[in-house]
1. Identify the residue in the stretch 10-21 that is without any contact (Cβ under 8 Å) to a residue 24 or more places away in the chain and not hydroxyl-bearing (S, T, Y) and, among all such residues, is least open to solvent (accessible area, probe 1.4 Å).
2. Identify all residues within the stretch 23-57 that are in contact (Cβ under 8 Å) with a residue 24 or more places away in the chain and in contact with a His (Cβ under 9 Å, 6 or more places away or on another chain); write none if there are none.
3. Could you check the stretch 12-46 and list, in sequence order, the residues that are part of a helix (DSSP H, G or I) and either under 18 Å from Q68 (Cβ atoms) or not acidic (D, E) (or both)?
Amino acid sequence: MSLAAEQVRSHIDDTGARAVIAGTDTKVSQVASEYEHMGMTPDEIAEAHPHLGLAEIHAALAYYYDHQDLIRREWVETEALISELR
């Protein structure tokens, strides 16, 4: 594993049902959605989540780009659950 990949992995915990930023309950899919769907910059995401550093946000985005199918599937599942609950 490259040094860059190791650094990303140090910020991400994907041992549970959903990948989260290590040491938090902030989902990678949430950060990716804010970036992709809401058009937020990493700095804006950091402002919205002051408990996250830019390195963690960029690691979440790198993880997203490496696992787009998984994260996009998570978005679809979440939307389906929200629709079902309504």
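1. Among those that are without any contact (Cβ under 8 Å) to a residue 24 or more places away in the chain and not hydroxyl-bearing (S, T, Y), it is V20.
2. Passing the criteria: T24, T26, V28, V31, A55, E56, I57.
3. Those that are part of a helix (DSSP H, G or I) and either under 18 Å from Q68 (Cβ atoms) or not acidic (D, E) (or both): V28, S29, Q30, V31, A32, S33, E34, Y35, E36, P42, I45, A46.
The values are calculated or read from the model by the stated rules, or taken from the named source; none is laboratory data. Values in this document were obtained by computation on a predicted structure and should not be read as measured data. Note that each Cβ is placed from the backbone with ideal geometry, even for glycine, and that neighbours are counted across all protein chains shown. These area figures cover heavy atoms from the full protein model, side chains too; ligands, DNA and RNA do not enter into them. Shrake-Rupley method; radii C 1.70, N 1.55, O 1.52, S 1.80 Å.
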